[in-house]
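Have a look at the structure below before the remarks.
What follows draws every value from the coordinates through simple rules; no lab data is involved. Since we're looking at a predicted model, the values are computed, not measured. Cβ coordinates were reconstructed from backbone atoms using ideal geometry, including for glycine residues, and neighbour counts include every protein chain displayed.
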């Protein structure tokens, strides 16, 4: 069945059943080509769609979704969503939104990108592999090298009059360089994401991956103890992404974040400002409307160390008697509505990297953290993670370090940030896109040599 | 889902431009979930995924196209897209499909999508009460149920035409204990390749809830774990994640085939202590990581990876089998039709040994007892791995002493395997989700209690 016809009929049947109904529709195409020794090694092409449906009945929502738009699906979705809504007992009231009069105009679909053919992307991957292998004779292999692109459309339509949609196109790639020197081996990964093909700098990507692999060849652990730690920008962004749930009003209200009732208090060092910017140019995570169709806006979640606001959707805002911050989010068309940031980042200063190392004095530069999905607890803020990096001695980066763990607590890290760098960089865009410049933290526990 | 005629036509289309192997994988998956927090059911959802993936090989290179449109026209279009990306001389392929059915090792008595929502809600509430009854310090309990029923079908240009239905049910309990602004968590997540009958004997949901709550309260009153290098005793069950991360991924052909594993080229060599035997087994009835057929249509099996310390087998999928000049081992797995399959683990465990658990502790120099492990990750190229200890205790003077929190363990796979000096007798298996290049798949990890002479422990 045609998608528009399906949506109209589905919403009409919800109205007939006496419930509010809302469709979240996603449609997209993706491409990925990976190369090995100049040849196409793996080639993936896909088109996919999904339709999520939720109903609002007596203040509760129930969700069902499908990837087939046929007659059966119409009844299954309505019956399923209503049944699910009736099973909910929570005292929290859910809402649906009729839409705003105005939405920000965001340019998320670059025609040059959409027009880029498969051949050009494959050649980009080949070139990235060539450049990486050429960086140094010790770069003897490339473990992975790929270029990918996607175009995604998302639409929200409901029985209250909401009707919004947005389309975003993305180009990206990654390379993993393998450096070998005698018995020693180390890998280095670098990724890139952009909405503008002209912006891609393959030389920089190749150089970064190769350097990462080479720098770590001679790594050794350092003695266990407390260290001044400079978190490299990508590592700081990873840490922010792991702990970003602490800023969710939903989690705070349910006793899963220590920031409950702390709006207006100092929770971080004065040099810390944390932004949520859904309008950031060039990001595939930017969006004119949130997961409930509310028009988005830019906000400072932390400003000069003070917690201004948590992130809200309509349910959490109503519970707290405040206005929604337009941070409702659905992981995909099939998800229930939760809370998430969009482009979420520590605001940079103008302190360059060398100056940051000088401020560190004697300590460690951390360039890699592993095991975030297991060794970090977003509820308590505790983390204990495998790490790699370099020593900082007399304000300069010196020898490589590996086989160490770094442990701490994210709430303490926020207070212990002594300085914020200038080199803001973002990670892979998803529902959210996390970024940070390098951050100097006064103390973290390191386990290494006895 | 797919007739023999359509499958044959689509496979021929896929091979028109010089590919030497083609495969169609069709999938229809119905899943549901229900979650509880603050003592009330707060969300319920059902989901239907449907699609197909077409894979074409030419020599050692592969193409994968996937789509939601499984009509003959949709599949033909996908096959054409795949063929367009393959360069070579076209040949007319003679394809003759023969249907086969593999024995169903995993009986399902109650399809979970048919179980009444009210029954599921009651189970969630019972778990919530059981967890809270453990201590007034329990401030939050999350309980959720998830289940899936997947019909899958595979046809390939070698003539295979087979399929399977897979059913999974899993409970997840997470408890938070709080005191004076400090909080700690505990969790348990038992599951199986079973229907709702999972809860009629195999899993006691309230016991699971209590386990999660006890872990949270114990860790709340625990000191921070000291940092350093020390002996570690790892308990059975999810402790098997050590082998999964330290060794398992590095034995998958996805890394080995390109020489990107520290165990590449080491078949027949000692890669572990002689008391270590390790198995990857898809045949255990109703186990979470089990299969009837893998995602390339091969019947499942029990594979000895390491025997008395000697490396015997890698886990190999079809494509890497070509690369390595070896036979595939029934290890091809994928998250769903949106991924091409590659070599993955199933139920992977260290086999029971001969050592007595009491002796393992009594003879241990001062160190750490890791009673409950969290997850971890590995870099198969370098062998560097890490994993989290969710519930730990110090070992002092040959006895389990006070609880400690926030520990993580790191090392290199090849080194840690050699340092296992005790393997207990009682094997336990535990469930997890493993993420890699072909997506997230259900796996078991497992082991009896083992002891490692020294590991780097990260604490505070």
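Give the percent of DSSP beta bridges with both residues in the protein assembly as shown that are antiparallel, rounded to the nearest 5. Just about 90 percent of them are antiparallel. Remark: mean inter-chain Cβ contacts per residue of A:77-90 equal 5, using a 10 Å Cβ-Cβ cutoff to other protein chain atoms. At q = 0.12, 0.13 Å⁻¹, what is the base-10 log of I(q)/I(0) for region A:360-450 according to the Debye formula with one equal point scatterer per Cα and no solvent? Please give it to two decimals. Computed log10 I(q)/I(0) values: -0.41, -0.48. Among the residues of B:63-71, the average count of other protein chain beta-carbon atoms within 10 Å of the residue beta-carbon is 5. Along each principal axis, taking the top coordinate minus the bottom one, the Cα set of region B:1-155 gives 73, 29, 26 Å in descending order.
Once the Cα atoms are used to define both axes, helix A:118-133 deviates from the longest principal axis of chain A by about 20 degrees.
Give me the compactness ratio for region B:107-260, meaning the Cα radius of gyration over 2.2 N^0.38 Å. Mind dumping the intermediate values first?
Working: Rg = 20.5 Å, N = 154, 2.2 N^0.38 = 14.9 Å.
Working it through for region B:107-260, the quotient is 1.37.
For region B:169-209, the equivalent ellipsoid derived from the alpha-carbon gyration tensor has semi-axes of 28, 9, 5 Å in decreasing order. The Rg/Rh ratio for chain A is 1.00, where Rg is the radius of gyration of the alpha carbons and Rh is the Kirkwood radius. Using the alpha-carbon positions of region B:313-367, Rg (one decimal) and Dmax (whole number) come out as 18.8, 51 Å. Coordinate range of the alpha-carbon atoms in region B:397-460 per principal axis, descending: 45, 33, 26 Å. May I ask for the angle, rounded to the nearest 10°, between helix A:202-215 and the longest principal axis of chain A, with both axes built from Cα atoms and the value confined to 0 to 90°? Between helix and principal axis, roughly 50 degrees.
Ordering A:224, B:71 by the number of other Cβ atoms within 10 Å of each residue's own Cβ, fewest first, gives B:71, A:224.
Normalised by 2.2 N^0.38 Å, where N is the number of residues, the alpha-carbon radius of gyration of region A:219-297 equals 1.47. Averaging the inverse of every distinct alpha carbon separation and then flipping it gives the Kirkwood radius. What is it for region B:87-141, in angstrom units? 17.4 Å is the Kirkwood radius here. Computed from the Cβ-Cβ distance with R0 of 22 Å, the FRET efficiency linking residue A:332 to residue A:123 stands at 0.10.
Of all alpha-carbon pairs in region B:315-460, indicate the percentage at a distance above 21 angstrom.
Of all Cα-Cα distances in region B:315-460, 53 percent exceed 21 Å.
Give me D for region A:33-97 in µm² s⁻¹, whole number, from Stokes-Einstein with Rh from the Kirkwood sum over alpha-carbon pairs, 10 °C and 1.306 mPa s.
Working: Rh = 14.6 Å.
Rounded to a whole number, D works out at 109 µm²/s.
Eigen-decomposition of the gyration tensor built on the alpha-carbon atoms of region B:339-406 gives equivalent ellipsoid semi-axes of 30, 17, 11 angstrom, largest listed first. For chain B, the longest principal axis of the C-alpha atoms and the axis of helix B:205-220 are separated by about 50°.
Distance between the modelled labels on residue A:181 and residue B:126, one decimal in nanometres: 6.2 nm (7 Å Cα→Cβ projection).
May I ask you to sort A:109, B:127 by Cβ crowding, counting other Cβ atoms within 10 Å and putting the fewest first? Mind dumping the intermediate values first?
Values: A:109 17, B:127 29.
Lowest to highest Cβ neighbour count: A:109, B:127.
Evaluate region A:171-278: find the radius of gyration of its Cα atoms, find its Kirkwood radius, and give the ratio Rg to Rh. Can you show the working numbers first?
Numbers: Rg = 19.4 Å, Rh = 17.9 Å.
We get a ratio of 1.09 for region A:171-278.
Summed over all non-identical Cα pairs, the Kirkwood treatment of chain B gives a radius of 23.5 Å. Across region A:62-112, counting alpha-carbon atoms alone, Rg and Dmax equal 17.2, 50 Å. Sorted largest first, the spans of the alpha carbon positions of the protein assembly as shown along the three principal axes are 70, 66, 61 Å. Here r is the Cβ-Cβ distance between residue B:114 and residue A:226 and R0 is 45 Å; the resulting FRET efficiency, rounded to 0.05, is 0.20. Take the Cβ atoms of residue B:179 and residue A:266, set R0 to 22 Å, and the FRET efficiency comes out at 0.40. Taking the fewest neighbouring Cβ atoms within 10 Å as the starting point, the ordered list for A:431, A:446 is A:431, A:446. Stretching the chain fully between residue B:366 and residue B:202 yields a gain of 55.4 nm (0.36 nm per residue, less the alpha carbon separation). The modelled label-to-label distance between residue A:134 and residue A:422, using points 7 Å beyond Cα along the C-beta direction, is 3.0 nm.
Mean residue ellipticity at 222 nm from the helices of the protein assembly as shown, using -39,500 (n - 2.57) per DSSP H segment of n ≥ 4 over the full residue count, to the nearest 500 deg cm²/dmol?
Working: 19 runs with 188 residues, N = 910.
Rounded to the nearest 500, the figure is -6000 deg cm²/dmol.
Centroid-to-centroid, using Cα positions, region B:2-61 and region A:80-98 are 31 Å apart.
Across the alpha-carbon set of region A:120-210, the Rg to Rh ratio works out to 1.23, Rh being the Kirkwood radius. Here the simple spin-label model places points 7 Å from the Cα toward Cβ, and for residue B:270 and residue B:440 these points are separated by 4.1 nm. Take peptide B:387-400, look around each residue's Cβ out to 10 angstrom, count Cβ atoms belonging to other protein chains, and average those counts. What the average comes to for B:387-400 is 2.
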